[in-house]
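Presented below is the structure to which this report refers.
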Amino acid sequence: MTSYGFVHLEFGDQYRERSLQVLDKLRIRLGQAGDRFSSVIVDNAGAAPAQSAAGTPSDQGLVVPGDNSNREFSGWDTGIDTLLARGEHPDVWIFSNDTVALNHAWSERRVEHFGGEIRKLALHPGPWLFGEINDFPRSTMTPMGPLLEWVSTYCFAMNNTLRHRLGTLSPGNALLDSLVNEQFEPGRGVFRDHVGAAYVDFVSAWLISEGGEGRQKKRRFKWDHEWHKANPLGPENFEDLRMKARCCLSEHMLSLRARQAGADIRSPYDARNAREHIRRSLQFLSDKLWEKFLLRRLRLERS
């Protein structure tokens, strides 16, 4: 028997129904006789008291107001505290935000890949972190140490062993504020001067639109897209870019902190031999093609 805790983060409920459709499919894929599920929706835009949430992945679902001081990471920590305060102690924690419905589209096969791998990892007692893996073009010195790859945090999972060792998903506002500037100053970027230039360039190429020079940076760092709110840096959008930079730091630090805590880091597309590598590569290509198709259909439905 395995217990699963779902912590879903949103900013307003406009994408809740679509997000829960994905998460409910994942819950069904995970579920076996005797398994237990608990869930909480954290609304970082809401100031209302906790309320019941119809349609959540379990009958115990709640919607609670969040903590937006570090956006989704501080919100997820609120969700963790909520489930723990209710006496829930999941063996496996699954975290998501409304990007799972807004910027990604999951086919039935993709849910199968994610759910099957989480189910397998649930039996592993050592610390582990699971999700889609992205890599830096080369080893990059982050503010907490060198990093080759990181787990994307729009939907990811870990066991309670790792959650306990991490303490919180957010590395802390004081640390983050020591790495980004407090206010806009002409000629200075979002990050403080002591943050490594290679790391700053990598994140800024995704976060900030800079015309021709920015396109060259994106090609250099192999970015094929940018943040959906990317714009030239200025006083009017500095705070938004600053807060998003803190989220990038938190996402990268999560993988590095997990590694420092002794965690195995896995993705649904991992392979350890030639035959498996071919099979998983085909799965990856299939999932990404289906994602493009489904996202196109969703956009047509909204228009």
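The values are calculated or read from the model by the stated rules, or taken from the named source; none is laboratory data. For clarity, every value in this text was computed on a predicted model and none was experimentally measured. Glycine gets a Cβ as well: all are built from the backbone with ideal geometry, and neighbour counts include every protein chain shown. Surface areas here come from the heavy atoms of the whole protein model, side chains and all, with no ligands, DNA or RNA. Shrake-Rupley method; radii C 1.70, N 1.55, O 1.52, S 1.80 Å.
Taking region 232-266 as the search range and keeping residues that are in a helix (DSSP H, G or I) and of a type in the set (Asp, Glu), which one is nearest to Pro125 (Cα to Cα)?
Restricting to residues being in a helix (DSSP H, G or I) and of a type in the set (Asp, Glu), the top hit is Glu251.
Tell me whether region 85-104 contains one or more residues that are in a helix (DSSP H, G or I), hydrophobic (A, V, I, L, M, F, W, C), buried (at least 22 other Cβ atoms within 10 Å of the Cβ) and modelled with pLDDT of 95 or more.
So far as region 85-104 goes, no, none of its residues is in a helix (DSSP H, G or I), hydrophobic (A, V, I, L, M, F, W, C), buried (at least 22 other Cβ atoms within 10 Å of the Cβ) and modelled with pLDDT of 95 or more.
Given the conditions (1) outside any loop (DSSP other than H, G, I, E, B); (2) at pLDDT below 90, which single one is not true for Tyr269?
Just one mismatch for Tyr269, condition (1).
Of the conditions (1) touching a helix residue (DSSP H, G or I) at 6+ places or on another chain (Cβ under 8 Å); (2) open to solvent by less than 10 Å² (accessible area, probe 1.4 Å), Pro137 clears all except one; give me its number.
Exception for Pro137: condition (2).
For Ala198, indicate whether it is touching a strand residue (DSSP E or B) at 6+ places or on another chain (Cβ under 6 Å), open to solvent by 30 Å² or more (accessible area, probe 1.4 Å) and of a type in the set (A, V, I, L, M).
yes
Mind listing whichever residues of region 68-84 are open to solvent by 30 Å² or more (accessible area, probe 1.4 Å) and of a type in the set (A, V, I, L, M, F, W, C)?
Passing the criteria: only Leu84.
This table checks each residue for (1) in a helix (DSSP H, G or I); (2) in contact with a Leu (Cβ under 6 Å, 6 or more places away or on another chain); (3) within 16 Å of Ala157 (Cα to Cα).
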| residue | (1), (2), (3) |
| --- | --- |
| Gly5 | no, yes, yes |
| Leu9 | no, no, yes |
| Gln14 | no, no, no |
| Arg18 | yes, no, no |
| Leu23 | yes, no, yes |
| Arg27 | yes, no, yes |
| Ala33 | no, no, no |
| Phe37 | no, no, yes |
| Val40 | no, yes, yes |
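Tell me, yes or no, whether region 151-159 has at least one residue that is under 21 Å from Val92 (Cα atoms) and surrounded by fewer than 17 Cβ atoms within 10 Å (Cβ to Cβ).
The answer is yes; a qualifying residue exists.
Kindly indicate the residue of region 105-115 that is crowded, with 18+ Cβ neighbours inside 10 Å and outside any helix (DSSP H, G or I) and also modelled with the lowest pLDDT among those meeting that condition.
Across region 105-115, the extreme among qualifying residues is Ala105.
Quick check: anything in region 119-132 closer than 24 Å to Asp240 by Cα and either surrounded by fewer than 16 Cβ atoms within 10 Å (Cβ to Cβ) or at pLDDT below 95 (or both)?
No, region 119-132 contains no residue that is closer than 24 Å to Asp240 by Cα and either surrounded by fewer than 16 Cβ atoms within 10 Å (Cβ to Cβ) or at pLDDT below 95 (or both).
Write out, first by first residue and then by second, each pair whose Cβ atoms fall under 9 Å of each other, whose residues are 6+ apart or on separate chains, and whose first residue, in region 232-251, is under 20 Å from Trp76 (Cβ atoms) while the second is in a helix (DSSP H, G or I) and of a type in the set (Val, Ile, Thr).
Here the result reads Ala245/Val203; Cys248/Val203; Leu249/Val203, each pair linking region 232-251 to a residue that is in a helix (DSSP H, G or I) and of a type in the set (Val, Ile, Thr).
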